[in-house]
Amino acid sequence: MTVVTVETRSPSGPESTILGPAMLEIPLILSKKPGAAMRKGTETLKTASIIQSILKRIVYPRHFWSGIMHQRAMAHTARVYDDSQLSLYAEILPGDFLNLGHFEDPRLQPQDITLRDIVRAQARHAELVAELIADSTSPVLDVGCGMGGLIRVMLAKGLSPVALSPDRNQIRHVRAKYPTVTIVETKFEDIPLDEHIHRYGTIVTSESLRYLKLDRALPLMEKLLKPGGRWIACDSFRVGEERSRSGYVWADFERRMVRSDWRFVCQRDHTPNVVPTLRFVYMWGNDIARPGVRFAFRKLQRKHPRAYYILAEVIEAINGRLDQNLDLVNPDAFVAHNKYMLLSMEKTS
Ligand SMILES: C[S@@+](CC[C@H](N)C(=O)[O-])C[C@H]1O[C@@H](n2cnc3c(N)ncnc32)[C@H](O)[C@@H]1O
């Protein structure tokens, strides 16, 4: 087998590694005399350094082990404890809400919507949830409290919220912003029962129901609520058989609740009221983010064809992921396969 030794400089001195035949082309560029490289122009050098930097991180033992350690550390941090997607939404939206919002006028078109309108719609959503809280003296458990927007609304109403989230970034944020509020840092399914049993007049799951494992969550709801307490939930549910979407199938959920002796005190379909937010996100994703990404890849292909070639599968995967994510917020697909419900439920026995 032909092997080539590549030598590079690092802060700790020169490093060398042995590359197999598949990587021959790269060392050949690197070993060109300075004059030859100059004649090819800086583009060649840039391409080479991109490829070299990627390869260095793949093949050098030091980088290889660092990579494995990083991979291990992240594998042990399940997404639920450090959700970067939700952190991104929180950075974009200043209202401390991570929900789809509630637009009173469902006909609003995305070109006429501003970020401030979205924040206002999210606050309206929280108001509608808070209005359903019937017991104003007992503590209210906000399951999946996100960045604490609903906590703020409840405090303003003189209620006693308790914030629960497994996500350490959200917990840090809520703790700093609402220092007087009790905080429970855990998944709902792992809440310590002895500390919380029959403590709550209301439990709220605002767009967090879809993350809960119902087998464990349903008996817990009953044990955490005081007798006569209510569970308020708002979330999107799947209607029909489309498997790729997240959330529970509405018909299954409804059947299961009735079978477990829960009664729907309130059942409102707010699908049209969340659609303007989806139209807005879809417009930005489809009309701005997607062409931006396409432009960046085209530029990479033109300026650094070799790097583009090496990264071809990664690029394909990124494009596929982008399409998938956009499909999830496609308003027409959402209306065809989902419904968004605001619910209040009570145990009957
Ligand atoms: C879409 S956000 C909604 C945030 C907030 N309720 C709102 O309306 O703005 C979903 C929330 O559920 C939380 N979550 C995810 N899995 C959970 C679990 N197993 N138990 C409790 N919360 C969970 C997330 O960390 C996040 O806070």
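Throughout, read-outs are computed from the coordinates displayed, never taken from laboratory work. Note that the structure is predicted; figures quoted are calculated from it, not measured. Backbone-built Cβ (ideal geometry, glycine too); neighbour counts: all protein chains shown.
Here is how the numbers come out for the structure above:
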item	result
Value in Å of the Kirkwood radius, where segment 273-349 supplies the Cα pairs that are averaged	15.1
Nonlocal amide H pairs with L98, under 5 Å, H built at 1.01 Å	M147
Residues of segment 193-218 with amide N under 17 Å of the 7 Å Cα→Cβ point at T137	199-202
Two-decimal Rg/Rh across segment 174-246, once Rg and the Kirkwood Rh are taken from alpha-carbon atoms	1.02
Set K177/K347; K157/K347; K177/K339 screened for pairs whose C-alpha atoms are more than 29 Å apart	K177/K347; K177/K339
Label-point gap, in nm, between H198 and D117 - each point 7 angstrom along Cα→Cβ	5.0
Evaluated at q = 0.19, 0.20, 0.23 Å⁻¹: base-10 log I(q)/I(0), Debye formula over Cα of segment 105-228	-1.06, -1.16, -1.43
Table column - 3J(HN,Hα) (Hz), segment 266-275, Karplus curve with 6.51, -1.76, 1.60, x for Gly and Pro	9, 9, 10, 8, 9, 3, x, 7, 9, 4
Packing-based order for 330-339, 146-155, using average beta carbon neighbours within 10 Å, highest first	146-155, 330-339
Over segment 189-303 - Rg/Rh using Cα atoms and the Kirkwood inverse-distance radius	1.16
Fully extended contour minus Cα-Cα distance, from R216 to S66, at 0.36 nm per residue	50.2 nm
Pair D82, T182: separation of 7 Å Cα→Cβ label points (nm)	3.0
Built amide H within the under 5 Å cut-off of R230, gap 5+	T202, I203
FRET E, pair A289, L155, Förster distance 56 Å, beta-carbon r, rounded to 0.05	0.95
Karplus (6.51, -1.76, 1.60) ³J(HN,Hα), θ = phi - 60°, over segment 177-189, in Hz, Gly and Pro reported as x	7, 10, x, 8, 7, 5, 10, 10, 9, 6, 6, 4, 4
Per-residue HN-Hα couplings for segment 277-293 [Karplus 6.51, -1.76, 1.60; θ = phi - 60°; Hz; x = Gly/Pro]	5, 5, 4, 5, 5, 5, 4, 5, x, 7, 8, 10, 5, 4, x, x, 5
